[in-house]
Amino acid sequence: MERYIDAIERIRLIPEEKAVPETFRDYFMTCARFILKLDSFLSETADIDLSCISENSISCSDYKKLIDRLKHLNKELYDDMTRDYETSYLNPSYAEKKLSPYGNVLSILLMEIENLIPSAYEKDLEDITSVLETFIQIYCMFVSCHEEHSQDSLRRELPDVQAVKDVLYSYAFDYSEDFLKKQMDAQYIAEPSYTRNVILKHDFKNADDIYLLGTYVSETTRKTAEFVASLDDSEIDRMAYTWYKGFKDGFKQQGKPYEKKSVIEFRYHTGFERIVKRTAEYFREDGYDFTLPRRSGHFIVRSPKGVSALYDSPNRQMDYDHIYDSALCMGDRITARMLEESLRIFKSYGDEIKRYAGPVVMECFGEPEFEPEDKAEKLTFTDHQKKAYGKYRSDLLLIVHDFILEEERSFTIIAWPLPSIGEDFKDIFRETIRINTMSSEDYMPIQARIIEALDKAQYVKVKGRTNATDMRVVLHTLTDPEKQSNFENCLSDVNIPLGEVFTSPVLTGTEGILNVNSVFIDGIQFKNLRIEFKDGRVTDYGCDNFEDIDSAKALVRRVIFGEKENLPIGEFAIGTNTLAYKMIDKYKIGARMPILIAEKTGPHFAVGDTCYSFMEDMHLYNPDGKELIAKDNECSILRKTDPDKAYFAVHTDITIPYDELDSIICVSSDGTETAIISQGRFVLQGTEVLNAPLND
């Protein structure tokens, strides 16, 4: 607390000072004013635990006053990120224009400061102070140089650019373990936390309760919360039970010990808190607690790939502009340190980490279309940094799996639409409920028929109709076809909704072109996405999002490949959920669907790891009792001899929708061809019922 007070007292002086060159005065005053806003908020709420306060703990009128104040603060604190971004120092283009050659580094510093908003709600003064002291250090560097220049014109008026970068490097290096521990504790350890308390203390039948979380509340999020608050308890219960049961069934289907675990991690989109709370109640009946991590605001631990924790983006272009902020310090030294720190933190958990069962994930779809502007002023990784970061992610995955055994953890994912999908939102939402709660018993025999045909094939041909897709997928050889299968019969458990059969193909001989006209991946719409394969590995790729070929490749490499090159095909699957496809076609929302649903509406390929990473030696079976044997490929098998080359910490699905698909044909060792799909329709005997939604 004393360090925080000292920092604030120093920062209070900045707006009154003229101690830096005029060019930089507005920037430092902007930073100082924002920090003082946060301090004012902390003072105003000093005697209030916002995570626990509710309509039951204070009068309705006082609660309404508090919520109205939080609404105003939400708008005020995030204003720089939303309304004023084009003329904000957060914008690297504007910052470089005004503050060159310090533009991008000072933009990152302001981003660190404004990302402290959730920490202010949590009253995490240690986290806040680490950033404030770094800001003061950089400010004082400018002050010192300006004073020395005033006294001696031969002295530099401004600090060396590298010296300023070195301060942020030291900040990241010194505090990386603190930031990692906060992030990992929030993910793995079910102790009282701010976000967890907010969920437990409120029923969210009042949509305004979401303002207590401290995350940005967009118009879409507000409308989502209002819609969810309006639903009947029975509808909330049905959605929550489906989510809960999918996770539990995943353990059962894979033969994993659900009863040995007792902590799940929620990942969801703000506005769905009422469903999260009801789902948590189902898990509580089984003796389970939960965690609810936020996205970290610190550049050293933010993933360039995107967000996988509680976060509502104030500005997607801003997020894109700052995806590579860690380029300030990314390299072998700091990644080695962070791996050591992660290992040390995991060890500190002792038996507590054994309670962790896995993530219960909610995705959303229907966000407004977003095409990022690729600004020259933003930081990017060098080739060496790409390799360093890629290796770090792979090595970190190995550490995680040493403490969270794949044979004892699972997950489930479900998706719901957002109001921003359009005027048909309510109808789409109700159809999505229908799709997400489809009967596994009805689909099981249909998909078993497809697997029966596939298990007789040596390879599969996949051809597009309105695109250039032309793939040859080699399958594993079954040594005992009566007891073995290459394809998993995927029903409504870990991936909701149901509707696919999938395998890990043989890489050698798998080749061709995968081409999709339009697909959304991690919130980015890829136009005319093209990936070429030889012996199951990526050899070339591109898209039409940018005219500049290198920028287009960089987008694919970051979002789809996780900054890796030459990735293998980890999965080949055939989606069978034609009801989902019909909904997509009916409302013309194909370009806005998440992979989770889109992958069920046609064949798809995943680049990166197989679906069975770290589970290769487990015995897994289909509902008919046949054992799944296609769990390895030529990369994953290296786990036994060269583990560093076995895994990639990437698994990204790319789907070819039925309307872009021509055919899927099984080819046996004697050349016999059996069509599963022809001209975009199921033709295999016993699967024709899947065409009903397509023909309506």
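The values are calculated or read from the model by the stated rules, or taken from the named source; none is laboratory data. As the structure is a prediction and not an experimental result, all values here were calculated from the model. Note that each Cβ is placed from the backbone with ideal geometry, even for glycine, and that neighbours are counted across all protein chains shown.
Scanning segment 626-638 for residues that are out of contact with any Leu (no Cβ under 8 Å at 6 or more places or on another chain), more than 13 Å from G570 (Cβ to Cβ) and in contact (Cβ under 8 Å) with a residue 24 or more places away in the chain gives a single hit, K626. Do we have any residue at all in segment 415-424 that's touching a Pro at 6+ places or on another chain (Cβ under 7 Å) and either at pLDDT 95 or above or outside the structural domain of G350 (by TED's automatic domain parsing) (or both)? So far as segment 415-424 goes, yes, one or more of its residues are touching a Pro at 6+ places or on another chain (Cβ under 7 Å) and either at pLDDT 95 or above or outside the structural domain of G350 (by TED's automatic domain parsing) (or both).
This table checks each residue for (1) polar (S, T, N, Q); (2) surrounded by fewer than 18 Cβ atoms within 10 Å (Cβ to Cβ); (3) assigned by TED's automatic domain parsing to the domain that holds T195.
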{"residue": "Y244", "(1), (2), (3)": "no, no, yes"}
{"residue": "F247", "(1), (2), (3)": "no, no, yes"}
{"residue": "Q253", "(1), (2), (3)": "yes, no, yes"}
{"residue": "R267", "(1), (2), (3)": "no, no, yes"}
{"residue": "E273", "(1), (2), (3)": "no, no, yes"}
{"residue": "V276", "(1), (2), (3)": "no, no, yes"}
{"residue": "E281", "(1), (2), (3)": "no, yes, yes"}
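Name, by its number, the condition in (1) surrounded by 19 or more Cβ atoms within 10 Å (Cβ to Cβ); (2) over 17 Å from I8 (Cα atoms) that does not hold for S119. Checking S119 against (1) surrounded by 19 or more Cβ atoms within 10 Å (Cβ to Cβ); (2) over 17 Å from I8 (Cα atoms), the one that fails is (2). For A457, the conditions (1) touching a Ser or Thr at 6+ places or on another chain (Cβ under 6 Å); (2) among the small types (G, A, S); (3) crowded, with 24+ Cβ neighbours inside 10 Å are fulfilled apart from (3). The residue that is farthest from D470 (Cα to Cα), among those in segment 673-696 that are in contact with a Lys or Arg (Cβ under 8 Å, 6 or more places away or on another chain) and of a type in the set (V, I, T), is T687. Taking first residues from segment 679-690 that are under 19 Å from K463 (Cβ atoms) and partners that are among the charged types (D, E, K, R) and not in a helix (DSSP H, G or I), the Cβ contacts under 8 Å between residues at least 6 apart in sequence or on separate chains come to Q679/R465; Q679/D662; G680/R465; G680/D662. Segment 306-406 holds helices (runs of 4 or more DSSP H) entirely within its bounds, and those carrying 2 or more residues that are of a type in the set (F, W, Y), modelled with pLDDT under 95 and surrounded by 15 or more Cβ atoms within 10 Å (Cβ to Cβ) map to 383-403. Could you say whether any residue in segment 604-626 is crowded, with 21+ Cβ neighbours inside 10 Å, assigned to a helix (DSSP H, G or I) and not acidic (D, E)? No, the conditions are met nowhere in segment 604-626.
I597 meets all of the listed conditions (1) surrounded by fewer than 23 Cβ atoms within 10 Å (Cβ to Cβ); (2) not in a loop (DSSP other than H, G, I, E, B) but one, namely (1). Criterion applied to T270, T279 was being touching a strand residue (DSSP E or B) at 6+ places or on another chain (Cβ under 8 Å), closer than 30 Å to H322 by Cβ and among the hydroxyl-bearing types (S, T, Y), and the one residue passing it is T270.
Condition (residue is over 27 Å from A468 (Cα atoms), aromatic (F, W, Y) and surrounded by 14 or more Cβ atoms within 10 Å (Cβ to Cβ)) applied to segment 642-659: is it met by at least one residue? Can you show your working first?
Initially, segment 642-659 is screened for residues over 27 Å from A468 (Cα atoms), giving 642-649.
So of that shortlist, the ones also aromatic (F, W, Y) come out as 647-648.
Now restrict to residues that are surrounded by 14 or more Cβ atoms within 10 Å (Cβ to Cβ): 647-648.
Looking for residues that are over 27 Å from A468 (Cα atoms), aromatic (F, W, Y) and surrounded by 14 or more Cβ atoms within 10 Å (Cβ to Cβ), one finds at least one in segment 642-659, hence yes.
The single condition among (1) in contact (Cβ under 8 Å) with a residue 40 or more places away in the chain; (2) over 27 Å from the mean Cα position of the chain (by Cα); (3) in a helix (DSSP H, G or I) that S93 does not meet is (2). Are there any helices (runs of 4 or more DSSP H) wholly within segment 167-282 with 3 or more residues that are more than 30 Å from E341 (Cβ to Cβ), and if so which? It comes to 219-230, 233-253.
Among the residues here, S43 qualifies as without any contact (Cβ under 8 Å) to a residue 40 or more places away in the chain, in the same structural domain as Y121 (by TED's automatic domain parsing) and either loosely packed, with under 12 Cβ neighbours inside 10 Å or under 22 Å from L379 (Cβ atoms) (or both).
Restricting attention to segment 179-188, and to residues there that are buried (at least 19 other Cβ atoms within 10 Å of the Cβ) and not charged (D, E, K, R), which single residue is nearest to L125 (Cα to Cα)?
Here the residue is F179.
Mind listing whichever residues of segment 545-554 are farther than 25 Å from L507 by Cβ and part of a helix (DSSP H, G or I)? Answer for segment 545-554, where residues must be farther than 25 Å from L507 by Cβ and part of a helix (DSSP H, G or I): I549, D550, S551, A552, A554.
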